[in-house]
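*Asks:* Before I ask anything, here is the structure I am working with.
The values are calculated or read from the model by the stated rules, or taken from the named source; none is laboratory data. Just so it is clear, the structure is predicted and the values come from calculations on it, not from any experiment. All Cβ positions, even for glycine, are placed from backbone atoms using ideal geometry, and neighbour counts span all protein chains on display.
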């Protein structure tokens, strides 16, 4: 989230887009809804909610979920069909430029009036409200405190990179004896790579912002890469103190979530959307920041923001637009529907949505309450994001196979020069 992001979020089994299926209207003039979903991990939940809405309101809701890492490709294909999505995602400012013309201005609509903050809204250069956040998330490093204690350490030791490194390397050295390792697998396939090329990459961008004293409001033409050594610190720690050897990461096939849930690893790089799944077996799991060796990082908090922003298709009929907005309002105001959404997403920034019980988001709040700085999602500004991340994956795979200075130089090239190259590509 992605990746991110992401982007986006953890990949999984999902309903795949495909075919030019026709939306059936429940009743003449009522319109219908077609949601092209960005988050594979909530596909089953959305399918169930669509059925409940049909039963309650008599309106057809079709949910199609793009496979992880394919959202924009899928959106492009679906928008060209005779029955395109009525509800889709505009994640970041690049998406605003690419898809803003397809977005209804949501200013003063019923769904916009339900928001309790405008912090996650996306507007175009003319001030048109093209998309609105439907969940607020955080990401960092998920930790099993029980395993930390079994290894002879405490969570109080992990307040910066030096502490994290000491604990992780000690666990890895004693993995055979302990029966678990430090980090779960850091695969570089599409279902996992966004955790490192989107989310973890954010630490470099964020600290560039912080050093410059200015939060990005649009994609910069270039980045310096000044904090790539810090990214390398954490990345190296993850891949070299793990259940899976770095040389085996390129093909993927390892399930980092299951490894963590089964007690095979003490650390799991991911986000708040994992809370519902992880807490089933690790109820006291906590999330800590991306400690990476930056001065003063003892006051770092979690990476907080969203790429999950609803947009309503301006090109479909007014009946479908209204049906879509009505469905959105139901999702954030109906007690049971919003509870179901919040259980999966963590927090929905709407006045009448159910309160979150997500422990990782409570961790984020606690860091803030303790005076720690929030790491905003600067990663949202990655230019030509899919191509940019593909080049990062390629470079990281070469480095994973052979951790030389020359191969790391290629990672830096993909990170920094690749940014400038993809920035120019989106201008053409």
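*Asks:* If you go through the range 343-376, how many residues are part of a helix (DSSP H, G or I), without any contact (Cβ under 8 Å) to a residue 40 or more places away in the chain and either more than 19 Å from residue 290 (Cβ to Cβ) or touching a helix residue (DSSP H, G or I) at 6+ places or on another chain (Cβ under 6 Å) (or both)? Let's see the steps before the verdict.
*Replies:* Going through the range 343-376, the residues part of a helix (DSSP H, G or I) turn out to be 343-345, 359-369.
From what is left, the residues that are without any contact (Cβ under 8 Å) to a residue 40 or more places away in the chain are 362, 365-366, 369.
Filter once more, so that each one left must be either more than 19 Å from residue 290 (Cβ to Cβ) or touching a helix residue (DSSP H, G or I) at 6+ places or on another chain (Cβ under 6 Å) (or both): 369.
Total satisfying the criteria: 1.
*Asks:* Across the range 307-336, what is the total count of residues that are farther than 18 Å from residue 109 by Cα and crowded, with 23+ Cβ neighbours inside 10 Å?
*Replies:* First pass over the range 307-336, keeping only residues farther than 18 Å from residue 109 by Cα: 307-308, 335-336.
Adding the requirement that they be crowded, with 23+ Cβ neighbours inside 10 Å leaves 307-308.
Residues flagged as farther than 18 Å from residue 109 by Cα and crowded, with 23+ Cβ neighbours inside 10 Å within the range 307-336 amount to 2.
*Asks:* Can you work out which of the residues in the range 36-52 that are free of Cβ contacts under 8 Å to residues at least 60 places away in the same chain and touching a strand residue (DSSP E or B) at 6+ places or on another chain (Cβ under 6 Å) is nearest to residue 190 (Cα to Cα)?
*Replies:* In this case the residue turns out to be 40.
For (1) surrounded by 19 or more Cβ atoms within 10 Å (Cβ to Cβ); (2) assigned by TED's automatic domain parsing to the domain that holds residue 96; (3) under 20 Å from residue 195 (Cα atoms), each residue gets a yes or a no:
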{"residue": "338", "(1), (2), (3)": "yes, yes, no"}
{"residue": "392", "(1), (2), (3)": "yes, no, yes"}
{"residue": "395", "(1), (2), (3)": "yes, no, yes"}
{"residue": "415", "(1), (2), (3)": "yes, no, yes"}
{"residue": "420", "(1), (2), (3)": "no, no, no"}
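*Asks:* Can you confirm whether residue 313 is farther than 20 Å from residue 140 by Cα and in the same structural domain as residue 31 (by TED's automatic domain parsing)? Walk me through how you get there before you give the answer.
*Replies:* Numbers: farther than 20 Å from residue 140 by Cα: yes; in the same structural domain as residue 31 (by TED's automatic domain parsing): yes.
So residue 313 fits the description; yes.
*Asks:* Moving on. In this structure, does residue 387 turn out to be assigned by TED's automatic domain parsing to the domain that holds residue 56 and closer than 30 Å to residue 238 by Cβ? Write out each step before concluding.
*Replies:* Working: assigned by TED's automatic domain parsing to the domain that holds residue 56: no; closer than 30 Å to residue 238 by Cβ: yes.
Considered against the rule, which asks whether it is assigned by TED's automatic domain parsing to the domain that holds residue 56 and closer than 30 Å to residue 238 by Cβ, residue 387 comes out as no.
*Asks:* A further question on this structure: How about the range 223-243: which of its residues are over 23 Å from the mean Cα position of the chain (by Cα) and under 22 Å from residue 181 (Cβ atoms)?
*Replies:* 240, 241, 243
*Asks:* Scan the range 84-96 and tell me whether some residue there is farther than 26 Å from residue 329 by Cα, assigned by TED's automatic domain parsing to the domain that holds residue 36 and buried (at least 16 other Cβ atoms within 10 Å of the Cβ).
*Replies:* From the range 84-96, those farther than 26 Å from residue 329 by Cα are 94; that's our starting set.
In the following step, the residues that additionally are assigned by TED's automatic domain parsing to the domain that holds residue 36 were identified as 94.
Filter once more, keeping what is buried (at least 16 other Cβ atoms within 10 Å of the Cβ): 94.
Scanning the range 84-96, I find at least one residue that is farther than 26 Å from residue 329 by Cα, assigned by TED's automatic domain parsing to the domain that holds residue 36 and buried (at least 16 other Cβ atoms within 10 Å of the Cβ), so the answer is yes.
*Asks:* Same structure again: List, please: which pairs have Cβ atoms under 8 Å, are six or more places apart or on different chains, and start with a residue in the range 271-295 that is more than 20 Å from residue 238 (Cα to Cα) and end with one that is in a strand (DSSP E or B) and modelled with pLDDT under 95?
*Replies:* 273/137
*Asks:* Quickly run through the range 172-193 and pick out the residues that are more than 16 Å from residue 246 (Cα to Cα) and touching a helix residue (DSSP H, G or I) at 6+ places or on another chain (Cβ under 7 Å).
*Replies:* Answer for the range 172-193, where residues must be more than 16 Å from residue 246 (Cα to Cα) and touching a helix residue (DSSP H, G or I) at 6+ places or on another chain (Cβ under 7 Å): 178, 180.
*Asks:* Name the residue, out of 181, 146, that is assigned by TED's automatic domain parsing to the domain that holds residue 268 and under 16 Å from residue 288 (Cβ atoms). Walk me through it before giving the result.
*Replies:* On the way: 181 fails: under 16 Å from residue 288 (Cβ atoms).
Just a single option satisfies the conditions, and that option is 146.
*Asks:* How many residues does the range 201-215 contain that are surrounded by fewer than 24 Cβ atoms within 10 Å (Cβ to Cβ), at negative phi and in a loop (DSSP other than H, G, I, E, B)?
*Replies:* Total meeting the criteria: 2.
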